[in-house]
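For reference, the structure discussed in these notes is given below.
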Amino acid sequence: MRIVKVTVYKADIPLVAPFRIALGATEVAENFFVRIDTDEGIHGWGEGSPFPPIVGETQAICLAAARDMARLLIGKDPLDVEARVREISSFLPHNTTARSAFDMALYDILGKAAGLPLYRLFGGSPRELLTDDTIGIDTPAAMAEKAVKFKEEGFHAIKVKLGTTPEEDIERVRRIREAIGEGIPIRVDANQGWDLTAAVEALTGIEGFGVQYCEQPVAAGDLDSMRAVRERARIPIMADESLFDVHDALRLVKEEACDYFNIKLSKSGGLHMALRIAAVAEAARMACMVGCMSETRLALTAAAHLASARPIIRFLDLDSALTHTVDPIVGGMEYGEGGRIILPDGPGLGAEVDPAFLGKCESFTVS
Ligand code: MG
């Protein structure tokens, strides 16, 4: 089998409301889709959702990178995913979001050629998948109101964005817990917004409010502070922005800097590296979450297949499509009651992009 054509679509997805985290606010998910066509009539889909302050890529950077990656792939065998992924990652090692879309499309082709959904291709089985839903940074009152809505919708866990000041953040969690009562775990994410002192103050202040874990309390590169937060605070720490690839995973384990990993395809460069991170996590008995940026149900489907195939991925944060005003995906994972994720059983991803949506997108083709 040979790759004969790659088409890249610029996909802008407006959000229902601006979504604010410690690193900035998003109003439109500036994503892109990649379609890889082969000479045997099988095609694969991938998607990237670049969040610049974390991955250092914008939509424009991804589109430019995608053109060069497409040229690299034309004429080659898509089923040799190992070789293709190594080629694009040695070509542009830091462009993880651009790479993740190609990685995803290659696995989609592999799954279709094998006649297996990706979770089966990875040797996994169907299992219960429950995502949380996330509240962006806002006033404590507005966040508490949203938490009540999520509770009424039946979500089993609520994720809360923090990372301004310890005083404000403690008030946010206090008001949310007061509003929703006991029973539903709260997960918090500071997105690097604190330093060591602020992190210890904030986490000590919220430790009585049923917080399951805290993502990325301090700067991504500052593992010394992350380890110190972990030693001084009682709430478990999850590495997110500190974890891109398998080398980061090994370093985090060695430095004892976290309790959990947050794997995201847009940081790992796709499923190939995500599977390697999951293997390190299993060896280190480090439970993982699989998270998202602002992907549609296409890339979320890939992440859900990964989670289904690797039980070390115990937590899911695959809620981004719930914040979008349009859903351009046909098939793919569906949201059930209370954040239950239902995976499709078709081969590969089991998801396609709606041609009517693509017809309105700017695109280019490399063949
Ligand atoms: Mg995070």
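Observations on the structure shown:
- By the rule of a C-alpha distance below 17 Å, with chain neighbours fewer than 8 residues away ignored, the aspartates and glutamates paired with K149 are D132, D133, D138, E178, E182, D319, E337.
- Ordered from highest to lowest accessible area with the whole protein assembly present and a 1.4 Å probe, F51, F32 read as F51, F32.
- Among A257, A309, A142, residue whose mean-square fluctuation peaks in a GNM of the chain (springs only between Cα atoms under 10 Å): A142
- The Cα atoms of region 120-351 define a convex hull whose projected area, averaged across directions, is 11.7 nm².
- With 19 Å as the limit on Cα-Cα distance, the pairs of K10/K360; K159/K254; K161/K264 that go past it are K159/K254.
- Candidate residues H247, H156, H272: accessible-area rank, largest first, probe 1.4 Å: H247, H156, H272
- Taking all protein chains together and rolling a 1.4 Å probe, R174 ends up with roughly 80 Å² accessible.
- Of the beta bridges in region 120-351, as assigned by DSSP with both residues counted there, near 15 percent are antiparallel.
- Here the sum of -39500 (n - 2.57) over DSSP H runs of 4 or more residues, divided by the residues of the chain, equals -12000 deg cm²/dmol at 222 nm, to the nearest 500.
- Accessible surface calculations at 1.4 Å, restricted to protein heavy atoms, place the chain at 38 Å² per residue.
- Modelled spin-label separation between R67 and E182, with each label point placed 7 Å from Cα along the Cα-to-Cβ direction: 6.0 nm.
- Surface share of carbon and sulfur [accessible, 1.4 angstrom probe, percent] for the chain: 49
- Accessible-area order (highest first, 1.4 angstrom probe) of the listed residues M238, M273: M273, M238
- Taking every protein chain into account, the 1.4 Å probe leaves S367 with about 110 Å² of accessible area, to the nearest ten.
The values are calculated or read from the model by the stated rules, or taken from the named source; none is laboratory data. Here the structure is a predicted model, which is why all the values come from computation and not from measurement. Glycine gets a Cβ as well: all are built from the backbone with ideal geometry, and neighbour counts include every protein chain shown. All accessible areas refer to the heavy atoms of the entire protein, side chains included, with ligands and DNA or RNA removed. Shrake-Rupley method; radii C 1.70, N 1.55, O 1.52, S 1.80 Å.
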